[in-house]
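Student: Shown below is the structure under consideration.
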Amino acid sequence: MTERAVKLTRFSFVAAPVLLVVYGSIRLLAPASKEPGAAWIIGHLAFLGGALLLAPVCGGLRRAAVGSAGAARRRVVRTAWAVALAGVAAASAQAIIDIYVGFRAADKPEMSDIFDRVQSLPGVLPLVYTVVPLFLYIGMIALLAALKGPGAARSLVLFVLGTLAIAVNLDLLPIGGLCYLLAFIPLRHRVATPQAAVPGRPVPAGDGAVGPRA
């Protein structure tokens, strides 16, 4: 990995869940967030940013998991990564549609009408709303379960709790995002350093990327 990629990935481990907390908080606290307007647009821009930044998070988890894995486990990890990225794509598409509808609709009834027309298109409902978005959570749970070392189990439990909170009620999205933040922060230092990508080049002490940290 380049130094820029490392910085982006480590930034994403914090920024992605923070943006989800922002979106959930706007959705919960701003009365105008359920209809066309600034609150809807800003909230869904935060949602889009959080969804997109989960892609480098998934990549960081994949690299951390394969570093100490055998051949069979590496295949499982790469499959989980691909599944999670499909979920990221679906969630991002959902956010883009929401932003588009927010700009196009003049009021809440028109917003509902546009959503009905978009979701009636063949394949849109399962690909963007009901089935493929679940791949994000399935893939990330599998990636977190593949991690080894101190704190790995704690991060997995926190991510599962956050996901369950969101599944129970979208009003709990800020709590879910906070659980994700607490799950990801200890893992951001496992992202491979640029030096670690060069065979035979030493990795600075305390900056190990893959496998357990001392």
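Student: Using mean Cβ contacts within 10 Å as the protection proxy, how do 32-43, 16-27 order, highest first?
Tutor: Final packing ranking: 16-27, 32-43.
Student: Could you report the chain's accessible area per residue, 1.4 Å probe, as an integer in Å²?
Tutor: Heavy-atom SASA per residue in the chain reads 49 Å².
Student: Quick one: with all protein chains in place, what share of the accessible area of the stretch 1-65 is carbon or sulfur, to the nearest percent (1.4 Å probe)?
Tutor: 72
Student: Quick one: putting +1 on the C-beta of Lys and Arg, -1 on the C-beta of Asp and Glu, what dipole do you get for the chain around its Cα centre, in Debye to the nearest 20?
Tutor: About 1200 debye.
Student: Just the number, please: carbon plus sulfur as a percent of the accessible area of the stretch 111-196, 1.4 Å probe, no ligands or DNA/RNA counted. Kindly include the intermediate steps, with their values, before the conclusion.
Tutor: Working: 3010 of 4110 Å².
Reported share for carbon and sulfur atoms: 73 percent.
Student: Could you calculate the contour length gain from Ser112 to Val124, that is, 0.36 nm times the residue separation minus the distance between their Cα atoms, to one decimal place in nm?
Tutor: Working it through step by step, the gained length comes to 2.8 nm.
Student: Tell me, what is the percent relative contact order of the stretch 26-158, built from C-alpha pairs under 8 Å that lie six or more residues apart?
Tutor: 32
Student: Still on this structure: What's the whole-number percent of alpha carbon pairs in the stretch 1-156 lying beyond 25 angstrom?
Tutor: Of the Cα pairs, 38 percent sit more than 25 Å apart.
Student: Quick one: grab the alpha carbon gyration tensor of the stretch 1-63, order the square roots of its eigenvalues as a ≥ b ≥ c, and give me rounded if a/c is under 1.5, else prolate or oblate depending on whether a/b is larger than b/c.
Tutor: prolate
Student: Once a ≥ b ≥ c are taken as the square roots of the eigenvalues of the Cα gyration tensor of the stretch 69-193, is the result rounded (a/c under 1.5), prolate (a/b larger than b/c) or oblate (a/b not larger than b/c)?
Tutor: Since a/c reaches 1.5 and a/b is larger than b/c, the shape of the stretch 69-193 is classed as prolate.
Student: Evaluate the charge dipole of the stretch 27-142 about its Cα centre and quote only its size in Debye, nearest 20, assuming +1 on the Cβ of each Lys and Arg and -1 on the Cβ of each Asp and Glu.
Tutor: 820
Student: How much mean residue ellipticity at 222 nm does the chain get from its helices, if each DSSP H run of length 4 or more adds -39500 (n - 2.57) and you divide by all residues, to the nearest 500 deg cm²/dmol?
Tutor: -23500 deg cm²/dmol
Student: Here's another thing I want to ask about it. List, in order, the whole-Hz ³J(HN,Hα) value for each residue of the stretch 52-58 obtained from phi through the Karplus relation with A = 6.51, B = -1.76, C = 1.60 and θ = phi - 60°; use x for Gly and Pro.
Tutor: Result, ordered by residue: 5, 6, 6, 5, x, 4, 4 Hz.
The values are calculated or read from the model by the stated rules, or taken from the named source; none is laboratory data. Only a predicted model underlies this, so the values are computations on that prediction, with no experimental measurement involved. FYI the Cβ positions are ideal-geometry reconstructions off the backbone, even for glycines, and counts take in every protein chain you see. The area values use the complete protein model at the heavy-atom level, side chains included, leaving out ligands, DNA and RNA. Shrake-Rupley method; radii C 1.70, N 1.55, O 1.52, S 1.80 Å.
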